[in-house]
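Undergrad: The structure that follows is given in the form of structure tokens.
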Amino acid sequence: MAITLALITTSSLSNSISKTFPSNLNKSTFFSTFNPNPAQKPNKNHQIYHKLSQPTKMAEFLTAKSSPTDLVAPLSGAINLVQSNLATWQSAVLSNVVIFVLGSPILVSGLSISGIAAAFLLGTLTWRSFGPPGFLLVATYFVFGTLATKVKMAQKEAEGVAEKKKGRRGPGSVIGSSAAGCVCAILSIYGIGGKELSQLWKLGFVASFCTKLSDTVSSEIGKAYGKTTYLVTTFKVVSRGTEGAVSVEGTIAGLLASILLAIVGCLNGQINLTGAVVCILASQIANFSESIIGALFQEKEGFQWLNNDAVNIINISMGSILAILFQQVLNRSWL
């Protein structure tokens, strides 16, 4: 669904631009060289959008005299910037502004306003470190995680096991769900470990979101459809929504969600097939461990600080670290 939405949006923008501008139009029509220091030879870093650098043209945007060409041209420049400079902070911010505006109806259904702000920071960091493939992975996680949360919401609310605010998550949840991924992104941006470890940071990033999507889907589907739920530490039958409880229905759904996201990461080139298997395995081990932590310690006496967001951070960190360790073992065994 997320992949289809992204393709449709991209196609629509491309068709709109191609209809507005002839294919043989010279790009110099839209861009000029801006050099703040005339004595210095211009370079590509001085290239900015020509129309936005002219106050007279900007003034026309605010009047009835502005033409469709004046309004579409900045969009053309923005798309050119995104396509040609995927690994810059500037293109990362610009891309997220465009995508968040276009996707605002979906965002507000799953996030609070402060949650959207936190998600924007996550999206910008993700685009800067891993480009559109990384962003697509996070978008896929968000879409399917939100859909799972909304499943049988009325029933969950009646049973007192639904997420607060009808599943609209705040900044704490966003941070709890993405902390390990953000660490991997920062390590990648600053080239920690060089090329040798760059692929491992990408693997850890994918594994962290495979782990979180699996956890979210297993929990939400278990609360909606789980016929019998067991406490993972004792296997006693408990009510749905109990911390540390698991169900067959939720466990299978969580595994399928992890497989789905690993496939997305594989198809968009972030990981290979072996990496996908590693991410799936690591996510399931991490989620089982998280259930044990939830059953034994979460918000128990002396562990009041161990709320759901804290457990999420531990969970996705385990998934990310385990995936990296497994891959390192495989790399050494193949040498």
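The values are calculated or read from the model by the stated rules, or taken from the named source; none is laboratory data. Not measured: the values here are computed from a predicted model. Note: ideal-geometry Cβ built from the backbone for every residue, glycine included; neighbour counts use all protein chains shown. Heavy atoms of the whole protein, side chains included, go into the accessibility calculation; ligands, DNA and RNA do not. Shrake-Rupley method; radii C 1.70, N 1.55, O 1.52, S 1.80 Å.
Undergrad: Exactly one of (1) open to solvent by 70 Å² or more (accessible area, probe 1.4 Å); (2) assigned to a helix (DSSP H, G or I); (3) under 19 Å from THR149 (Cβ atoms) is unmet by GLU243. Its number?
TA: Condition not satisfied by GLU243: (2).
Undergrad: Still on this structure, please answer the following. Here is a list of conditions, (1) surrounded by fewer than 19 Cβ atoms within 10 Å (Cβ to Cβ); (2) charged (D, E, K, R); (3) more than 19 Å from ILE113 (Cβ to Cβ), and LYS156 meets all of them except one; can you say which number that is?
TA: Here LYS156 clears every test but (1).
Undergrad: Inspect segment 252-262 for any residue being over 27 Å from LYS164 (Cα atoms), polar (S, T, N, Q) and at pLDDT 95 or above and give the result as yes or no. Lay out the reasoning, then the answer.
TA: Pass one, segment 252-262, residues over 27 Å from LYS164 (Cα atoms): 259, 262.
Pick out the ones that are also polar (S, T, N, Q) and you get none.
Taking every residue of segment 252-262 in turn, none turns out to be over 27 Å from LYS164 (Cα atoms), polar (S, T, N, Q) and at pLDDT 95 or above.
Undergrad: If a residue has to be touching a residue at least 12 places away in the same chain (Cβ under 8 Å) and either out of contact with any Asp or Glu (no Cβ under 8 Å at 6 or more places or on another chain) or within 27 Å of LEU197 (Cβ to Cβ) (or both) to count, how many in segment 268-304 make the cut?
TA: So in segment 268-304, the residues touching a residue at least 12 places away in the same chain (Cβ under 8 Å) come out as 268-271, 274-296, 298-299.
After this cut, where a residue has to be either out of contact with any Asp or Glu (no Cβ under 8 Å at 6 or more places or on another chain) or within 27 Å of LEU197 (Cβ to Cβ) (or both) as well, the list is 268-271, 274-293, 296.
So the answer is 25.
Undergrad: What residue, of GLY123, GLY115, GLY110, GLY134, is closer than 25 Å to GLY269 by Cβ and in contact with a Lys or Arg (Cβ under 9 Å, 6 or more places away or on another chain)?
TA: Working: GLY123 fails: in contact with a Lys or Arg (Cβ under 9 Å, 6 or more places away or on another chain); GLY115 fails: closer than 25 Å to GLY269 by Cβ; GLY110 fails: closer than 25 Å to GLY269 by Cβ.
Matching residue, one of GLY123, GLY115, GLY110, GLY134: GLY134.
Undergrad: How many residues does segment 283-327 hold that are of a type in the set (D, E, K, R) and surrounded by 16 or more Cβ atoms within 10 Å (Cβ to Cβ)?
TA: Step one: of segment 283-327, the residues of a type in the set (D, E, K, R) are 290, 299-301, 309.
With the extra rule that they be surrounded by 16 or more Cβ atoms within 10 Å (Cβ to Cβ), the set shrinks to 290, 309.
Of the residues in that region, 2 qualify.
Undergrad: Tally the residues that are open to solvent by 30 Å² or more (accessible area, probe 1.4 Å) and either touching a Lys or Arg at 6+ places or on another chain (Cβ under 6 Å) or acidic (Asp, Glu) (or both), restricting the search to segment 163-188.
TA: 1
Residue-by-condition table, conditions (1) without any contact (Cβ under 8 Å) to a residue 40 or more places away in the chain; (2) hydrophobic (A, V, I, L, M, F, W, C):
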{"site": "GLY191", "(1), (2)": "yes, no"}
{"site": "LEU200", "(1), (2)": "no, yes"}
{"site": "PHE205", "(1), (2)": "no, yes"}
{"site": "SER218", "(1), (2)": "no, no"}
{"site": "GLY226", "(1), (2)": "yes, no"}
{"site": "VAL237", "(1), (2)": "yes, yes"}
{"site": "ARG240", "(1), (2)": "no, no"}
{"site": "LEU255", "(1), (2)": "no, yes"}
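Undergrad: Here is a further query. Could you say whether any residue in segment 215-232 is assigned to a loop (DSSP other than H, G, I, E, B), at pLDDT 90 or above and open to solvent by 20 Å² or more (accessible area, probe 1.4 Å)?
TA: Within segment 215-232, one or more residues are assigned to a loop (DSSP other than H, G, I, E, B), at pLDDT 90 or above and open to solvent by 20 Å² or more (accessible area, probe 1.4 Å).
Undergrad: Given (1) modelled with pLDDT of 95 or more; (2) in a loop (DSSP other than H, G, I, E, B); (3) open to solvent by 20 Å² or more (accessible area, probe 1.4 Å), where does ILE271 come up short, assuming only one miss?
TA: Result: ILE271 fails condition (3) only.
Undergrad: Return the residue satisfying two criteria in turn: it lies in segment 144-201 and is aliphatic (A, V, I, L, M) and not in a helix (DSSP H, G or I), and of such residues it is nearest to CYS279 (Cα to Cα). First the steps, then the outcome.
TA: Residues of segment 144-201 that are aliphatic (A, V, I, L, M), as a first pass: 147-148, 151, 153-154, 158, 161-162, 174-175, 179-180, 183, 185-187, 189, 192, 197, 200.
Narrowing the set further to residues that are not in a helix (DSSP H, G or I) leaves 151, 161-162, 192.
Values: VAL151: 26, VAL161: 29, ALA162: 28, ILE192: 21 Å.
Checked segment 144-201; the qualifying residue nearest to CYS279 (Cα to Cα) is ILE192.
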